[in-house]
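Structure first, then comments.
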Amino acid sequence: DTPQGLSRVPRKRLRYAQLCDAKSEKPAQMEEIIRQARSDRLFPGEGGLDLRGLLRALPADIPLSLEVPVSQKLPPLERARRALDATKAILALAEGT
């Protein structure tokens, strides 16, 4: 629920983290939560989630996977490039560089 809460999770329970971004406002209805989770994700750094805090709370050696937005009507290679560039940028922010 928060980066602080995540930092208290034992390392053995964290096998990897999936990185994406989303709107900062939490929907009130479950149907909208599901819709956003399935089709309204954003590239890292384009939404309102505290990805910097999340990355700082995770173990430094944890594998990351990317959730690449499907709602972006881009060719697959361009989507992958944008996801990679956005991820590198947010990782640099989290590392303080």
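Read-outs throughout are calculated quantities, based only on the coordinates presented, and are distinct from any laboratory measurement. All values derive from a computational prediction rather than experimental measurement. Glycine gets a Cβ as well: all are built from the backbone with ideal geometry, and neighbour counts include every protein chain shown.
Just a few scattered comments:
- When you restrict to C-alpha pairs under 8 Å that are six or more residues apart and normalise by the size of the chain, the relative contact order lands at 35 percent.
- Extreme residue, positive dipole direction of the chain, given options Gly5, Ser24, Pro76 (C-beta unit charges): Gly5
- Coupling constants for region 14-28 follow from the phi torsions by the Karplus curve (6.51 cos²θ - 1.76 cosθ + 1.60, θ = phi - 60°), and in residue order they are 10, 9, 6, 10, 9, 9, 7, 10, 7, 4, 6, 6, 7, x, 7 Hz; glycine and proline get x.
- Computed E for Ala92/Gln36 - FRET, C-beta separation, R0 25 angstrom, nearest 0.05: 0.40
- The phi-based Karplus calculation (6.51 cos²θ - 1.76 cosθ + 1.60; θ = phi - 60°) puts the 3J(HN,Hα) values of region 48-59 at x, 7, 7, 5, 4, x, 4, 5, 5, 7, 6, x Hz, whole numbers, x for Gly and Pro.
- Going through (i) 20; (ii) 49; (iii) 28, the figure that equals percent of Cα pairs over 23 Å apart as computed for the structure here is (iii).
- Available extension along the chain between Arg56 and Lys12 is 14.1 nm, counting 0.36 nm per residue and deducting the alpha carbon span.
- Amide proton proximity set for Gly47, modelled H, under 5 Å, gap of 5+: Ala22
- 5 angstrom amide H check on Leu19, placed H, neighbours 5+ away: Ser65, Leu66, Glu67
- 3J(HN,Hα) along region 83-91: 5, 5, 4, 5, 5, 4, 5, 6, 5 Hz, from the Karplus curve 6.51 cos²θ - 1.76 cosθ + 1.60 with θ = phi - 60°, whole Hz, x for Gly and Pro.
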